[in-house]
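Report on one structure; see the data block that follows.
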Amino acid sequence: MVPTIDWKPDRASDVPIYAQIVAYIREKIATGDWPVKSRLPTQRALAEAFGVNRSTVVTALDELKAEGLIEAVVGSGTVVSNNTWSLLASAPPPDWLSYVQAGEHPPNQPTIQAINRHEYDPQIIRLGTGELSPDLLPSAGMAEIMGRLGGQNAQLGYTEPKGLKSLRQAISAHLRTRGIDAPPSSILVVSGALQALQLISLGILRQGSAILLERPSYLYSLPVFQSSRMRLTGVPLDEEGIRPDALARLKQAHHAALLYTIPSFHNPTGSLMSERRRQQVLAVCERERLPILEDDVYGELWLDEPGPPPLKALDPNGLVLYVGSLSKSLSPGLRIGWVVGPEPVVERLADVKMQTDYGASALSQLVAAEWLSSGLYQRHLQTVREALRARRACACESLRRWFADLAEWRYPQGGFYIWLRLRRAVSMRTLFSRALAEGILLNPGYIYDGTDDCHLRLSYAYADEQQMERALHRLSRLIREMM
């Protein structure tokens, strides 16, 4: 089929007529309007369509042949050649930066981008990293379980939308030990707790909804809700956790749709909400008809004695959506977490998940099911708690030695974090840069609360004891120089 032409060159332009014709035909080929092997009109027909003499057309066609975009074929005339690489090489590249800037999903804060870049530098001491050190990950246990699963290749395809049934059964049994009655049908397996937050923001919340959360909060460091134009409103904390009076007032003032909370070993403060306060928060949310999203990824990492029951275990009315994960306690690389909630909500989230990744890794689910059902997970937790107790003691002793006059902190009862408050504010951005130059990677407080120039989130989970002592000593010197 010979293409039709409804364009003429601009005779008032400074660009030569033949060059305009070359550009026109090149664009038609690039966009696919003139596909490969399609026949061009004759030279006479092109001259008439463009309103030019035949010699101008010949000049234009000769240039296009030299570029390899068209060719003469005996018996067919001139056709578009099968040579798209010539066109791609001759065309200017797209303005990718404009695409990047136009993307809907907001970028991470620059400091968080820097943390993500430097975390894998082997020369860096990671004083803020919120994950277990590689030497605390259960390599031998993982190898044992992988060996057991060697004959289950038949289950390495996709799993059902809510996740592998054997894993959901194992999660259900595990949650009963924590006081949560959750049948497998009310559990959705997700690829870590972060995906749970993404699915909830996409699946059950309206764009622009107001979300209440502790201030400071890990959630401020993520664009997961902001990308759906959610409005985050911080609720102040006291020694026991979220203040119920402020919670009720802010819910009414902002018509909030959800409370997001980390009641056990909170990120970043490490605080543990008392059982009395949990009951008070539940009472306020029941009265105000405010659903709760409970993030309990640190709940099993108690170090001295078990903490209070999860909010979900105290909730008889289905008010709480509960998120758990193995990323903090077992292995971040497994990417296995879960959401527990009313079945219509879980069904909706499962449908959204199938649209985004078609299910968590089947292999990871098999491995997680074996860990939870075999008793190995509980034994592993005992080992991790023992190691974290030693690291906590080292961190607190180093702080007592080097920071007694510089800062104040609370002795953590579990989790990974110490929320260090400097007695005098300094420029945390400057401190972050200077520490990085000294080989120390920090998590400054302003990534969890944009106005914070007094806090650092320290983690005793990743750096070993010698690294912690060395890094905290260096850090104390830097802070003294800045005060």
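Rule-based calculations on the coordinates, nothing more; no lab input. Everything quoted here is computed from the prediction, not taken from an experiment. For neighbour counting, all protein chains shown are included, and Cβ atoms are generated from backbone atoms with ideal geometry for every residue, glycine included.
Could you check what % of the DSSP bridge pairs in region 148-375 are antiparallel, to the nearest 5?
Taking every DSSP beta bridge within region 148-375, about 40 percent pair in antiparallel fashion.
Extension gain for residue 140-residue 99 works out to 10.2 nm (0.36 nm per residue, less the C-alpha to C-alpha distance).
Sparsely packed loop sites in region 262-342 (the trypsin sites (Lys or Arg not before Pro) outside DSSP H, G, I, E and B with at most 10 other Cβ atoms within 10 Å) comprise 289. Taking trypsin sites (Lys or Arg not before Pro) across region 103-211, the ones in a DSSP loop with at most 11 further Cβ atoms lying within 10 angstrom of their Cβ are 206. Working note: Cα atoms of region 200-253, range along each principal axis, descending, whole Å: 32, 24, 14. Restricting the chymotrypsin sites (Phe, Trp or Tyr not before Pro) of region 344-435 to loop positions (DSSP other than H, G, I, E, B) with no more than 12 neighbouring Cβ atoms within 10 Å leaves 358.
What translational diffusion coefficient, to the nearest whole µm²/s, does region 239-345 have by Stokes-Einstein, given a Kirkwood radius computed over alpha-carbon pairs, a temperature of 10 °C and 1.306 mPa s viscosity?
110 µm²/s
A simple spin-label model places the labels of residue 253 and residue 181 3.9 nm from each other, with each point 7 Å out along Cα-to-Cβ. Per-residue ellipticity at 222 nm from helix content only, as computed over the chain with -39500 (n - 2.57) for each DSSP H run of at least four residues, stands at -13000 deg cm²/dmol. Between residue 423 and residue 71, residue separation times 0.36 nm minus the direct Cα-Cα distance comes to 119.0 nm. Charged side chains reduced to their Cβ positions (Lys and Arg at +1, Asp and Glu at -1) give the chain a dipole of some 420 debye around its Cα centre. I need the Debye-formula profile for the chain: one equal scatterer per C-alpha, no solvent, reported as log10 I(q)/I(0) at q = 0.07, 0.09, 0.12 1/Å, two decimals. Log10 I(q)/I(0), no solvent term: -0.53, -0.71, -1.01. When only alpha carbons of region 350-389 are considered, Rg and Dmax amount to 14.8, 42 Å. Beta-bridge orientation, the chain: approximately 60 percent antiparallel, per DSSP, counting only bridges with both partners inside. Within region 195-284, DSSP assigns beta bridges of which about 25% are antiparallel (rounded to the nearest 5).
Relative to the 2.2 N^0.38 Å rule of thumb, region 17-90 has a C-alpha radius of gyration ratio of 1.01. Under the rule that an exposed site lies in a DSSP loop and has at most 11 other Cβ atoms within 10 Å, name the longest stretch of the chain with no GluC sites (Glu not before Pro) of that kind, not counting the sites themselves. Between exposed loop sites, the widest span is 240-483.
Once the mean of 1/r is taken over each pair of separate Cα atoms and inverted, region 148-375 shows a Kirkwood hydrodynamic radius of 17.9 Å.
Cα-Cα pairs above 23 Å in region 129-228: how many percent?
Details: 2556 of 4950 pairs.
So the pairs more than 23 Å apart make up 52 percent of the total in region 129-228.
At R0 = 45 Å, how high is the FRET efficiency between residue 123 and residue 229 if r is their beta carbon distance? Nearest 0.05 is fine. Here the calculated transfer efficiency is 0.65.
Please report Rg over Rh for region 219-282, where both radii come from the alpha carbon positions and Rh follows the Kirkwood definition.
0.97
Each eigenvalue of the Cα gyration tensor of region 281-425, multiplied by 5 and square-rooted, gives one semi-axis; in descending order these are 33, 23, 15 Å. In vacuum, with every alpha carbon of region 412-483 counted as one equal point scatterer, what does the Debye formula give for log10 I(q)/I(0) at q = 0.18, 0.25 Å⁻¹? Two decimals, please. For the requested q values the scattering log ratios are -0.69, -1.30. Put a plus charge on the Cβ of each Lys and Arg, a minus charge on the Cβ of each Asp and Glu, and nothing anywhere else: the dipole of region 199-355 about its Cα centre is then about 680 debye. Compactness of region 1-149 was expressed as the Cα radius of gyration divided by 2.2 N^0.38 Å, which yields 1.93. Compared with the alpha-carbon gap, the fully stretched path from residue 112 to residue 378 is longer by 92.5 nm at 0.36 nm per residue. Axis angle, to the nearest 10 degrees, between helix 343-356 and the longest C-alpha principal axis of the chain: 40 degrees. Of all lysines in the structure, those lying under 18 Å Cα to Cα from residue 162, and not within fewer than 8 positions of it along the same chain, are 353.
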